[in-house]
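What follows draws every value from the coordinates through simple rules; no lab data is involved. It should be emphasised that the depicted structure is a prediction, and the values quoted were computed from it without experimental measurement. Virtual Cβ from ideal backbone geometry, glycine too; neighbours counted across all protein chains shown.
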Amino acid sequence: MIVNKIQKPDLTRSQLNSETNQAATSVAENQQTTTRLRIRIPKDYHQEPIISRLISHYGLTVNILAALLGANTKDDGWFDLELRGTLQQLQSAQIYMNDLDLEVLSPSKSQEFCW
């Protein structure tokens with residue numbers, strides 16, 4: 001009986017390390033992370049679906065922990081949010097909120113939130 005061996009190319013140590021690093025990077029990029037923040041919604045944006053866009057456009061899971069936004073108010077509103085998603089999703093959402101010039105604060109409410 002003849003057995004044919006399938007030869008696999010030998011990987012050098014650097015190639016193996018490179019493949020391992022790429023796999024680790026891929027896992028890290030897809031790893032879910034959770035962050036909490038408070039955003040101020042200016043009165044001019046009360047009719048804009050800001051929270052909805054965080055979900056539909058950026059794929060985040062949004063948990064509203066607290067909110068202050070009246071139906072007929074003339075003041076700004078506040079949302080305490082817990083956001084869950086990949087680092088890329090969170091960074092894209094940050095750009096979106098920055099483009100709207102929303103005030104984003106950390107849970108301590110005393111310092112600006114750092115991504």
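Just rank His46, His57, fewest to most, by other beta-carbon atoms within 10 angstrom.
The fewest-first ordering by Cβ neighbours comes to His57, His46.
Listing Ser52, Ser92, Ser106 from the residue with the fewest other Cβ atoms within 10 Å to the one with the most, what is the order?
In order of increasing Cβ crowding within 10 Å: Ser52, Ser106, Ser92.
If Lys and Arg each add +1 and Asp and Glu each add -1, what is the summed charge of the other residues whose beta carbon sits under 14 Å from the beta carbon of Val62?
+2
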